[in-house]
Amino acid sequence: MIRGVMSSASPGLEASLPRHRRTLRRVFPEPAGEVTVAEAYGVPRRRHADGRPWVGICMVSSLDGSTVVKGTSGALSSENDTAVLLTLRDAVDVLLVGAGTARAEGYGAPGKPGQRLGVVSTTGDVDLSVELFTSGAGFLIVPEDAPALPVDTVRAGRGRVDLPLALVRLGEVVGDVTCVQAEGGPRFNAALLDADVVDELDLTWSPQLAGGDGSRLTAGARESMTGFDLAHLLVDDDAFVYTRWLRRR
Ligand SMILES: NC(=O)c1ccc[n+]([C@@H]2O[C@H](COP(=O)([O-])OP(=O)(O)OC[C@H]3O[C@@H](n4cnc5c(N)ncnc54)[C@H](OP(=O)(O)O)[C@@H]3O)[C@@H](O)[C@H]2O)c1
């Protein structure tokens, strides 16, 4: 299973237990007890105070910090983790991924009707013949000086995408945007961290030591000590740990 490829119409997941009925055990905040994935993750989000959309990052990591096993995130995930990912997708207006993730995970169109997915790239050199783009759901986010491209495109910055500006300009292509979910990978996460636009981190800890040299959550960011507050910590019977962190402002 490839984490990013799953759509809300995924037959495997829905056949076993619909995600709105899945429950996890809340350890923090008190009181401890059962919560549905929707209660935990379907919370309302607002635009950031400076006018740009709210930005959440959603990732799964091994216990030793790897986010990539054999080239994708699939081996780290589980049905409950996928339910978290899909519930978060339902709660946001737009999905964003780095071009490396789009190339590695082979994203299809989002399962939520009408939802758009933006691929961030310096050049737009991604396969535009895949369903993500032929369905009309995919669009590109590139610098002003990137080549002309045959799909919807948001342009901001020169050489690299100016991410704060691109977030403001998303509305030119996808309409009103209150919140976006960034789904990695580590180098795109690093760019979001460097731009200081990460409002929320939804991080699942997969109960495995992955070994190898897979990138951690961010790869290549400037050193910083960017603080977050723990919004919740949930567990399940498979020893996965589900955390939600909000930027300390
Ligand atoms: N564990 C998880 O939850 C998870 C989630 C997502 C992905 N992954 C894994 O992560 C791996 C991919 O990660 P990655 O770090 O190699 O790649 P990535 O972060 O997905 O994408 C990096 C690319 O994004 C583009 N990019 C990022 N910031 C940019 C900016 N400010 N301006 C312009 N372009 C920008 C560049 O594209 P160009 O190359 O086109 O210039 C860059 O090469 C895959 O193996 C995937 O399976 C894991």
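All of the numbers you see were taken from the coordinates with simple rules; none came from a lab. As the structure is a prediction and not an experimental result, all values here were calculated from the model. Every residue, glycine as well, gets a Cβ built from its backbone with ideal geometry; the counts of neighbours run over all protein chains shown.
Couple of notes before you dig in:
- Ranked Phe228, Phe133, Phe28, criterion: other C-beta atoms within 10 Å, fewest first: Phe28, Phe228, Phe133
- The 3J(HN,Hα) values that the Karplus relation (6.51, -1.76, 1.60; θ = phi - 60°) gives for region 123-128 are, in residue order, 10, x, 7, 10, 6, 8 Hz. Gly and Pro appear as x.
- Degrees, to the nearest 10: 79-91 long Cα axis against longest axis of the chain: 50
- Ellipsoid equivalent to region 184-249 - semi-axes via the Cα gyration tensor, in Å: 22, 18, 8
- Fully extended contour minus Cα-Cα distance, from Thr36 to Lys70, at 0.36 nm per residue: 9.1 nm
- Residue among Val197, Pro110, Leu96 farthest towards the positive dipole end of the chain, charges placed on Cβ: Val197
- Under 5 Å from the amide H of His232 lie the amide H atoms of Arg244, each residue being 5 or more positions distant or on a separate chain, with H modelled from the backbone and absent for Pro and chain starts.
- Plainly put, region 53-96 has a radius of gyration that is 1.00 times its Kirkwood radius, both from alpha-carbon atoms, as the Rg/Rh ratio.
- Rel. contact order, % - alpha carbon contacts under 8 angstrom, at least six apart, region 120-184: 26
- Using Cβ point charges alone (K and R +1, D and E -1), the dipole size of region 87-158 about the Cα centre works out to roughly 120 debye.
- Region 56-157: trypsin sites (Lys or Arg not before Pro) in DSSP coil with no more than 13 other Cβ atoms inside 10 Å: Lys70
- Think of each Lys and Arg Cβ as +1 and each Asp and Glu Cβ as -1; about the Cα centre, that makes the dipole of the chain roughly 300 debye.
- Neighbour counts of other Cβ atoms within 10 Å put Met59, Met225 in the fewest-to-most order Met225, Met59.
- Amide H contacts of Gly138 (H built 1.01 Å from N, in plane; Pro and chain starts excluded): Leu117, Phe133 sit under 5 Å, all sequence-distant by 5 or more or on other chains.
- For region 188-200, 3J(HN,Hα) per residue [Karplus equation, 6.51 cos²θ - 1.76 cosθ + 1.60, θ = phi - 60°, Hz, x = Gly/Pro]: 5, 4, 4, 5, 5, 5, 4, 7, 6, 10, 8, 9, 8
- A simple rule links phi to the HN-Hα coupling: the Karplus curve 6.51 cos²θ - 1.76 cosθ + 1.60 with θ = phi - 60°, which for region 219-226 gives 9, x, 6, 4, 5, 7, 10, 8 Hz, with x for Gly and Pro.
- Diffusion constant of region 81-209 at 20 °C, which comes from Stokes-Einstein with the Kirkwood Cα-pair radius and 1.002 mPa s, µm²/s: 143
- Cα-based radius of gyration for the chain, normalised by 2.2 N^0.38 Å, reads 0.96.
- Working from Cα pairs under 8 Å separated by at least six residues, relative contact order for the chain is 26 percent.
- Spin-label model, Asp213/Arg248: points 7 Å from Cα along the beta carbon direction are separated by 3.4 nm.
- Take every DSSP beta bridge whose two residues both sit in region 8-120; close to 50 percent of them are antiparallel.
- Region 116-217, dipole about Cα centre (Lys/Arg Cβ +1, Asp/Glu Cβ -1), debye to the nearest 20: 140
- Secondary structure note: in the chain, about 45% of the DSSP beta bridges are antiparallel.
- Taking 0.36 nm per residue of separation and subtracting the Cα-Cα distance, full extension of the segment from Asp238 to Leu63 would add 61.6 nm.
- Relative contact order %, region 135-249, counting alpha carbon pairs below 8 Å whose residues are six or more apart: 20
- Dimensionless Rg over Rh [region 12-70; C-alpha; Kirkwood]: 1.06
- Sequence-distant residues sharing a close amide H with Cys179 (under 5 Å, placed H): Trp54, Asp93, Val94
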